[in-house]
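The structure under discussion appears below in the form of structure tokens.
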Amino acid sequence: MTEESAGGIAKKFLYVNRRAPYGSIYGLESLEVVLIGAAFEQDVSLAFLGDGVFQLTKGQDTKGLEVKNFSPTFRALEDYDVTKLYVEKEALEARGLSAADLVVPVEVVSAQRMAEIMEAQDVILSF
Amino acid sequence: MKFGILVNEGPYTHEASDTAYQFVRAALAKGHQIYRVFFYHDGVNNGTRLTVPPQDDRNIVKRWSELAAEHKLDLVVCIAAAQRRGLMDAAEAKRNGKDAHNLAPGFRISGLGQLIEAGIQADRLVVFGD
């Protein structure tokens, strides 16, 4: 599963986001790991399962909550060469959402395909 | 095998820290290596030396400190998560103009890069969380 890259061994890292963006800090702090981790030139992917798909929805307004809206940061991931974002199809559909409702281009995959993606990883960080 | 450990929940509220501790102890007993234990989210609260649990309960923080001393474990508390939650060592307290510090023996404060590095260096990174 590991492959040689210019900087040495690159491992496949998958960040799994399972929670809604503002009920807890997991989403925000997960994104902080992704941004720091990008400097290590590993093979990075993000997965969004369950309520985690809400992290990517357009039109988030957190004024009433008095917390930072961190969804714009997902649009900056491309600058960090983090471009593989997988969203679970079943999770989107169960919440009445589609890829068009999300702030960044993603690959919508079935739960079964998601399992295969996970199987292919070296390191899975679940938040 | 060389393990990296991630602890994402605080002591007592959640079992994650207990389970991580038991896992680390069992792994060491079987002759495995623990490359690093990284504390993130509320997991950073496992590193406060100010906890005073009831005498008939386990002392989670002290237990980590003792295990670290015995096996030269690298216990790392995430600095960003720690700053949010009021956990700091003497140097951080001074830097931030605070009048106290509370990091328990055997722990050190460092950045998220230490977690990524543990993922790269260890054969397996095991996450203990909710």
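No value in this document is a laboratory result; all are computed from the given coordinates. These numbers come from a predicted model, not from an experiment. Every residue, glycine among them, receives a Cβ derived from its backbone with ideal geometry; neighbour counts consider all protein chains shown.
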Helical contribution to [θ] at 222 nm, DSSP H n ≥ 4, -39,500 (n - 2.57), averaged over chain A, rounded to 500:
-7000 deg cm²/dmol
The size of the Cβ-based charge dipole (Lys, Arg +1; Asp, Glu -1) of the protein assembly as shown about the Cα centre, to the nearest 20 debye, is 660 debye
Given Cβ point charges of +1 (Lys, Arg) and -1 (Asp, Glu) and nothing else, what value in debye, to the nearest 20, does the dipole of segment A:3-126 about its Cα centre take?
420 debye
Could you please state, rounded to a whole Å, how far the C-alpha centre of segment B:1-25 is from the C-alpha centre of segment B:79-105?
22 Å
Comparing A:E66, A:E88, A:E78 in a Gaussian network model of chain A (Cα, 10 Å), the one with the largest mean-square fluctuation is A:E66
Taking Cα pairs closer than 8 Å and at least 6 residues apart, the relative contact order of segment B:45-130 in percent is 34 percent
Compute the projected area of the convex hull of the Cα atoms of chain B, averaged over all viewing directions, and report it in nm² to one decimal place.
7.8 nm²
Pairs on different chains or at least eight residues apart, Cα atoms closer than 16 Å: how many lysine pairs in the protein assembly as shown fit?
7
Among A:S98, A:S45, A:S24, residue whose mean-square fluctuation peaks in a GNM of chain A (springs only between Cα atoms under 10 Å):
A:S24
Over the Cα atoms of segment B:50-100, compute the convex hull volume and normalise it per residue, giving Å³.
101 Å³
Whole Å is fine, so just give me how far the alpha carbon centre of segment A:57-127 lies from that of segment A:12-32.
10 Å
Taking only Cα atoms and a 10 Å spring cutoff, compute GNM fluctuations for chain B and point out the largest among B:L50, B:L67, B:L87.
B:L50
Over segment A:3-84, equivalent-ellipsoid semi-axes from the Cα gyration tensor in Å
27, 12, 10
From phi via Karplus (6.51, -1.76, 1.60), per-residue ³J(HN,Hα) for segment A:83-92 in Hz, x at Gly/Pro
10, 9, 10, 10, 10, 6, 4, 4, 5, 4
Looking at the protein assembly as shown, what % of its DSSP beta bridges pair antiparallel, to the nearest 5?
10 percent
C-alpha long axis of helix A:26-37 to longest principal axis of chain A, angle in °:
30 degrees
Dividing the helical contributions, -39500 (n - 2.57) per DSSP H run of n ≥ 4, by the residues of chain B yields a 222 nm value, nearest 500 deg cm²/dmol, of -10500 deg cm²/dmol
For the protein assembly as shown, take every pair of Cα atoms, bin their distances at 10 Å starting from 0, and report each bin as a whole percent.
7, 29, 33, 23, 8, 0
Pairs of alpha-carbon atoms within less than 8 angstrom and 6+ residues apart define the contacts here; what relative contact order does chain A have, in percent?
34 percent
